[in-house]
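Report on the following structure.
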Amino acid sequence: MKKDTIGRRDALKRALTVLGAATVAPQLLAACGSESSGGLSCTDTTGLSAAEVSTRQSQAYADSSADPNKKCVDCTFFTAGQAGACGTCSVIRGPIHPDGTCNLFARRS
Ligand code: SF4
């Protein structure tokens, strides 16, 4: 006859697996620049050189533009990412928000 209960060791293993997935998943989503609980964020500069981070800062890159006519999505240097994900820029390294902006904005013709 087969028992319907699981042992303490198996129960503990399963609980730790569930807890581990719940802890790691949000970190992975944030690291890849995907949608997180607070919306799309394209500020993770992990992997960029100090010079590349400095360029983002000196050109005042920001995830949102106060001027609706100067958004990255309308800039000639912007390449869109997948839906809901950050894009890229040919002059500013790192993740780029479609609604972002910087001092180098050049309207796409
Ligand atoms: S140059 Fe600036 S405004 Fe244009 S896509 Fe790159 S970060 Fe956005």
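Just so it is clear, none of the values below were taken in a lab; they were calculated from the coordinates. Here the structure is a predicted model, which means the values were calculated and not measured. Positions of Cβ are backbone-derived with ideal geometry, glycine not excepted, and every protein chain shown enters the neighbour counts.
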Seminar exercise, completed: Those residues of region 66-92 which are outside any loop (DSSP other than H, G, I, E, B) and among the charged types (D, E, K, R) amount to ASP74
Problem set entry | Residue satisfying all of: in region 51-103; near the ligand (Cβ under 10 Å from one of its atoms) and free of Cβ contacts under 8 Å to residues at least 12 places away in the same chain; nearest to GLY39 (Cα to Cα) among these | THR88
Exercise. Could you list, in sequence order, the residues of region 53-65 that are closer than 17 Å to PHE78 by Cβ, over 17 Å from the mean Cα position of the chain (by Cα) and outside any loop (DSSP other than H, G, I, E, B)?
Worked result: THR55
Exercise. Restricting attention to region 90-109, which residues are under 21 Å from ALA50 (Cβ atoms) and either of a type in the set (Ser, Thr, Tyr) or surrounded by fewer than 21 Cβ atoms within 10 Å (Cβ to Cβ) (or both)?
Worked result: SER90, VAL91, ARG93, GLY94, ASN103, LEU104
